[in-house]
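Right, one structure below, let's go through it.
All of the numbers you see were taken from the coordinates with simple rules; none came from a lab. Just so you know, these numbers come straight off a predicted model, no measurement behind them. Here the Cβ is made from the backbone with ideal geometry for all residues, glycine too, and neighbour counts use every protein chain on show.
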Amino acid sequence: MDMELLDLFPDTASVSGGELVLGGARATDLAREFGTPLVVYDEQTLRSQARAYVDAAPGALVAYGTKAFPSVAVLKLFLEEGLGADVSTTGELEFALRAGVPGERLVIHGNNKEDELLRRSIELGALIVLDSIDELERAQAAGGTRFLVRVTPGIEADTHEAIKTAHHGSKFGLPPEDAVEAVRRAPEAEGLHVHVGSQLMHFGAALMTVDWIAQFSARLRAELDWTPRVIDLGGGLGARHVLEEPSFTIGEFVGGLVGELQRSFHLLGLPPTQLVLEPGRSLVSRAGVTLYTVGNVKRASTATTYVTVDGGMSDNPRPAMYNARYTALLAHRADAEPAEAYTVAGKHCESGDVLIERVELPAPQRGDVLAVPVTGAYTLAMSSTYNAVPRPAAVLVADGKARVIRRRETVADLLALEGPVGSA
Ligand SMILES: Cc1ncc(COP(=O)(O)O)c(C=O)c1O
């Protein structure tokens with residue numbers, strides 16, 4: 001095994017006697033005790049990622065992008081580290097409230113906020129990120145006063161089409177002219193919001209966005225005598241899923257943004273602002289490792305041997321949705337020499353249900369545990385029950401102990417949603 005591969009795993013990951021160890025617990029023991037598929041979250045990594053944000057942007061409100069993995073336990077842990085939460089539905093809001101996140105650390109998103117979400121946000125004194133003029137009118141009518149105006153600068157992030165958000169014609173935010181109108185109608189607004197996109201592996205678009213928002217702030221000062229007191233730069237820092245992808249630290253990314261913001265505001269004679277950041281993926285992705293049990297190993301052609309696992313696109317839709325790449329290792333033969341390259345397929349009735357196109361492994365056999373790193377973000381959060389496959393459990397590991405933070409769904413849970421059986 002290439003020991004560099006451990007860089008993709010959580011901080012506490014090691015290989016001892018061929019066994020992958022996460023948070024002091026053997027991956028194969030976790031698989032046996034809790035079943036598979038299982039998403040294992042490493043507490044130390046979650047905390048260290050959160051601390052990296054707090055250190056890189058002292059004084060900023062770091063609001064965890066709950067959508068990456070809505071988990072009460074994780075939200076609570078981040079709360080202990082001084083973070084807040086970005087939520088975009090009443091469901092996510094309930095998760096944040098269950099974790100005890102106070103109203104002043106909540107940032108409310110969504111391009112189609114329900115009346116209930118607006119009402120609760122106002123009641124809680126949370127910061128509402130306005131996504132349209134219509135929403136501004138509804139929020140003002142409901143008594144809201146704490147707003148950020150989300151603007152789409154027309155910048156194309158270098159990422160997958162589905163997770164670009166700041167381009168012209170985006171379904172999110174207000175085009176610049178509408179954003180000016182929103183500020184004119186709501187001078188009480190605290191500031192501006194922009195989120196350039198997710199899974200950013202280059203900083204260019206994010207830095208351009210910072211410059212753009214400074215120019216836009218100068219325009220608002222000139223036209224409306226209004227300057228932002230708060231700038232929210234959203235989330236976006238990408239995760240490295242395979243060794244061939246570039247890697248950036250939170251310190252490098254956030255340090256770059258903070259420096260650019262200070263510089264550009266200073267150059268334009270604008271007053272310093274309170275910063276809000278909304279990281280999701282970069283907080284939780286590397287902390288999570290998915291464990292699967294190997295089933296069929298099948299040679300389909302001279303070029304392709306499938307290793308089939310007991311999950312797939314239902315617990316991790318990212319390869320099917322975004323062509324996301326992953327790698328893997330065998331949890332009890334983590335340091336064995338690879339035999340050949342395999343294709344890791346899921347158990348679902350779609351040819352596109354392939355988790356890993358090609359990964360070198362030491363001849364997997366039925367019953368082996370396959371560990372896929374960097375699966376903590378937008379996996380369980382986007383999971384489905386396709387093929388009536390119940391969703392996996394998640395555990396949090398620290399100091400050799402594991403606790404269930406999301407119980408495994410059962411077929412009984414799925415059947416409980418069905419109507420009464422009777423004649424049609
Ligand atoms: C408005 C907003 N903030 C924060 C995030 C979190 O982004 P990421 O997980 O890329 O850090 C997203 C995700 O797309 C978003 O749309």
In square nanometres and to one decimal, what's the mean projected area of the convex hull around the Cα atoms of the range 232-277? 3.7
Taking neighbour Cβ counts within 10 Å as the exposure measure, how do GLU104, GLU190, GLU81 sort from fewest upward? GLU104, GLU81, GLU190
Percent RCO, i.e. relative contact order, over the range 43-283, from Cα pairs under 8 Å lying at least 6 residues apart: 21
Listed pairs LYS67/LYS171; LYS347/LYS401; LYS67/LYS113; LYS67/LYS401 exceeding 21 Å between Cα atoms: LYS347/LYS401; LYS67/LYS401
Here the gain from full extension of SER14 to ARG221, 0.36 nm per residue of separation minus their alpha-carbon distance, amounts to 69.1 nm
Estimated [θ] at 222 nm from DSSP helical runs (n ≥ 4, -39500 (n - 2.57)) normalised by residues in the chain, nearest 500: -8500 deg cm²/dmol
In debye, nearest 20: dipole of the range 43-283 around its Cα centre with unit charges on the Cβ of K, R (+) and D, E (-)? 340
Would you mind computing, in nm to one decimal, how far apart the modelled labels at MET201 and ALA388 are, each placed 7 Å from Cα along Cα→Cβ? 4.0
Quick one: putting +1 on the C-beta of Lys and Arg, -1 on the C-beta of Asp and Glu, what dipole do you get for the chain around its Cα centre, in Debye to the nearest 20? 540
Please work out how much length the chain gains when fully extended from LYS171 to ALA363, using 0.36 nm per residue of separation minus the C-alpha to C-alpha distance, in nm with one decimal. 64.5 nm
ASN112 versus GLU337, label points 7 Å from Cα toward the beta carbon: distance in nm? 5.7
GLU94/HIS160 FRET efficiency (R0 25 Å; Cβ-Cβ; nearest 0.05): 0.30
Across 5 Å bins from the origin, how do the percents of Cα pairs in the range 43-283 run, short distances first? 1, 7, 15, 19, 21, 18, 12, 5, 1, 0, 0
Once the cut-off is 14 Å, how many percent of the Cα-Cα pairs in the range 223-311 end up in the long-distance tail? 77
Label-to-label distance, nm, for residues given as ASP55 and VAL404 (7 Å Cα→Cβ offset): 3.6
Antiparallel %, DSSP beta bridges [both residues in the chain], to 5: 50
Report, largest value first, the span of the C-alpha coordinates of the chain along each principal axis, in whole Å. 68, 60, 41
Over the chain, what relative contact order in percent results from Cα pairs under 8 Å that are six or more residues apart? 21
